[in-house]
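Student: Structure in C-alpha cells, see below.
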Amino acid sequence: MSSASVAAENTTIAVRGRDSLWSKAFYKFRHDRMGMVAFALVMAYGVMALGTVFGWWANDWSEIRGGRFDPISADFWFGSNVNGQDIFARTVFSTRTAFEVGLVVAILSTLIGAVLGAVAGYYSGSWIDELVLWLKGVLDSIPFYLFVAAVAFAMQGSAYGMHVAMVATFWTTTGRLVRGEVIKLKQFEFVEAARAIGLPELKIVFRHIIPNTFHILLVQATIVFVAAIKSEVILSFLGLGVKNGVSWGRMLAEATYEVGAGHFNNFIWASLFMFGLVMAFNMFSDALQDALDPRKV
C-alpha cells in the first residue's frame, strides 16, 4: 500500500473516530436533564439579549420615564432608580452587555489559545514552545485587575480596554490544555502519515491536529464566557468596565448608594439576573464537559 493510501486511511479513521465522539456526546447531552434545562435557560437569556439588538425591547433604558424610586407597578415592573429610569429595561439591556462581552472574549481568547497552544505542543521542547510557555507564565503572574487598570490607562479609557485585558489573559488556560493534547496527538499514526507524504507542518497543525481538539475548545469557550461575564460585572462595579452603556455591574455600583436609603430594586434584580445566567451557563458547561469527555462517551 502506498504512503498516500496509508495517510488517507488513517485520516478517514481519525475523522470517523471524531464523528463517533461527537454523535455519542450529543446523545449523552440530549439525555442529561439538568444540562438541557441549563441550555434552555441560556437560550432564554440569548433571546432576551437578541431582542435588544433588534430593538424589540429595553432600548429605552436610559430614558427618564418616572419619578425618583417609583415602586413596582404595571408601568415599572421592577420599579425605577434614583433618576427615574426603568430598572426592568436596564436589567434586560444588561443581558445584551453580558453576552457581548462574554462572546467576544470567549471567541478571541479560545482562538488565540488554540493556535498558540497547538504550535507550542507540536514544537514541544523547541524555542517556540519555550517562548509560548514564558509568555503564559508572564501573563499568569500579573494580578488581573491591576493588568486591566494598566491596559485601561494605556488605552486612555477606551471601552475596549476591558476586552483587550481579558483576551490577553484568558487564553493561557486554553493554550495549556491544547498544548498537552497536541503533544499526545502528534504521536498518532495519522500525523506520522501526513508527515510521510510531505505535508507542510503548519498545515498538519491547523488541518489535522487542531480539529481533534475541538472538544476541549468548546468546553473552554463556555468556561471563559462565564469568567468574562463575572469579570465584567466586577470591573464595571469598580468603574473599569462598561463606560457608555449599562451592565449589571454598574447597576450594583448604583445600588451601593441606594441600599442604605432602603431601596433594593437595583441590587435585587441585577443580582438575580446575573446569578441566573452564570448558574445556567455553569451547569451547561459541566454537562457539556461530561458529554465530551472521551473517557465517558
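The values are calculated or read from the model by the stated rules, or taken from the named source; none is laboratory data. This is a predicted model, so every value here is computed, not measured. Cβ atoms come from the backbone with ideal geometry, glycine included; neighbour counts cover every protein chain shown.
For every residue, the table says whether it meets (1) among the hydrophobic types (A, V, I, L, M, F, W, C); (2) out of contact with any helix residue (DSSP H, G or I) (no Cβ under 6 Å at 6 or more places or on another chain); (3) at pLDDT 90 or above; (4) under 24 Å from V278 (Cβ atoms).
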site	(1), (2), (3), (4)
F76	yes, yes, no, no
G79	no, no, no, yes
A98	yes, no, yes, yes
G102	no, no, yes, yes
A118	yes, no, yes, no
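Student: Then there's this: Is there any pair linking a residue in segment 45-63 that is modelled with pLDDT of 90 or more to one that is surrounded by fewer than 15 Cβ atoms within 10 Å (Cβ to Cβ), with Cβ under 7 Å and at least six apart or on different chains, and which?
Tutor: Listed by first residue and then by second, the contacts come to G51/W57.
Student: Which residues, taken from segment 76-107, are part of a helix (DSSP H, G or I) and among the β-branched types (V, I, T)? Full working, then the answer.
Tutor: Within segment 76-107, the subset part of a helix (DSSP H, G or I) is 87-107.
Across segment 76-107, the qualifying residues are I87, T91, V92, T95, T97, V101, V104, V105, I107.
Student: A further question on this structure: Provide a single number: the residues in segment 177-189 that are modelled with pLDDT under 90 and either aliphatic (A, V, I, L, M) or closer than 30 Å to A280 by Cβ (or both).
Tutor: Selection size over segment 177-189: 1.
Student: Which residues, taken from segment 22-64, are in a helix (DSSP H, G or I) and touching a Phe, Trp or Tyr at 6+ places or on another chain (Cβ under 6 Å)? Let's see the steps before the verdict.
Tutor: Filtering segment 22-64 for residues in a helix (DSSP H, G or I) gives 22-30, 33-53.
Correct list: G35, A38, F39, V42, A49, G51, T52.
Student: Might you check whether a residue that is out of contact with any helix residue (DSSP H, G or I) (no Cβ under 8 Å at 6 or more places or on another chain) and either β-branched (V, I, T) or closer than 27 Å to H208 by Cβ (or both) occurs anywhere in segment 167-185? Steps first, please.
Tutor: Of segment 167-185, the ones out of contact with any helix residue (DSSP H, G or I) (no Cβ under 8 Å at 6 or more places or on another chain) are 184.
In the following step, the residues that additionally are either β-branched (V, I, T) or closer than 27 Å to H208 by Cβ (or both) were identified as 184.
Yes: segment 167-185 contains one or more residues that are out of contact with any helix residue (DSSP H, G or I) (no Cβ under 8 Å at 6 or more places or on another chain) and either β-branched (V, I, T) or closer than 27 Å to H208 by Cβ (or both).
Student: Here are some conditions: (1) part of a helix (DSSP H, G or I); (2) over 27 Å from V233 (Cα atoms); (3) without any contact (Cβ under 8 Å) to a residue 60 or more places away in the chain. G198 meets all but one. Which one does it not meet?
Tutor: G198 satisfies every listed condition except (1).
Student: Hey, another quick one. If the Cβ limit is 7 Å and pairs must be 6+ apart or interchain, which residue in segment 248-260 that is within 18 Å of F88 (Cα to Cα) pairs with which residue that is crowded, with 17+ Cβ neighbours inside 10 Å and of a type in the set (K, R)?
Tutor: The qualifying pairs are M251/R90.
Student: Only one of these conditions is not met by T110: (1) outside any helix (DSSP H, G or I); (2) at pLDDT 85 or above. Which number is it?
Tutor: For T110, the exception is condition (1).
Student: Here's something else I'd like to know. Could you check segment 25-42 and list, in sequence order, the residues that are at pLDDT 85 or above and either in contact with an Asp or Glu (Cβ under 8 Å, 6 or more places away or on another chain) or more than 21 Å from V246 (Cα to Cα) (or both)? So that I can check it myself, show each step before the final result.
Tutor: Within segment 25-42, the subset at pLDDT 85 or above is 33-42.
Those that are at pLDDT 85 or above and either in contact with an Asp or Glu (Cβ under 8 Å, 6 or more places away or on another chain) or more than 21 Å from V246 (Cα to Cα) (or both): R33, M34, G35, M36, V37, A38, F39, A40, L41.
Student: Another one. Which count do you get for residues in segment 65-75 that are aliphatic (A, V, I, L, M) and either free of Cβ contacts under 8 Å to residues at least 12 places away in the same chain or not in a loop (DSSP other than H, G, I, E, B) (or both)?
Tutor: Initial filter on segment 65-75 (aliphatic (A, V, I, L, M)): 72, 74.
Remaining after also requiring either free of Cβ contacts under 8 Å to residues at least 12 places away in the same chain or not in a loop (DSSP other than H, G, I, E, B) (or both): 74.
Residues that pass the stated criteria total 1.
Student: Do we have any residue at all in segment 73-93 that's of a type in the set (F, W, Y), touching a Leu at 6+ places or on another chain (Cβ under 8 Å) and surrounded by fewer than 16 Cβ atoms within 10 Å (Cβ to Cβ)?
Tutor: Here is the first cut: in segment 73-93, the ones of a type in the set (F, W, Y) are 76-78, 88, 93.
Then drop every residue that is not touching a Leu at 6+ places or on another chain (Cβ under 8 Å), which leaves none.
No.
Residue-wise test of (1) under 25 Å from A152 (Cα atoms); (2) at pLDDT below 90; (3) in a loop (DSSP other than H, G, I, E, B); (4) not acidic (D, E).
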| residue | (1), (2), (3), (4) |
| --- | --- |
| V191 | no, yes, no, yes |
| K203 | no, yes, no, yes |
| N212 | no, yes, no, yes |
| Q220 | no, no, no, yes |
| K230 | yes, no, no, yes |
| L235 | yes, yes, no, yes |
| N244 | yes, yes, yes, yes |
| G249 | yes, no, no, yes |
| L252 | yes, no, no, yes |
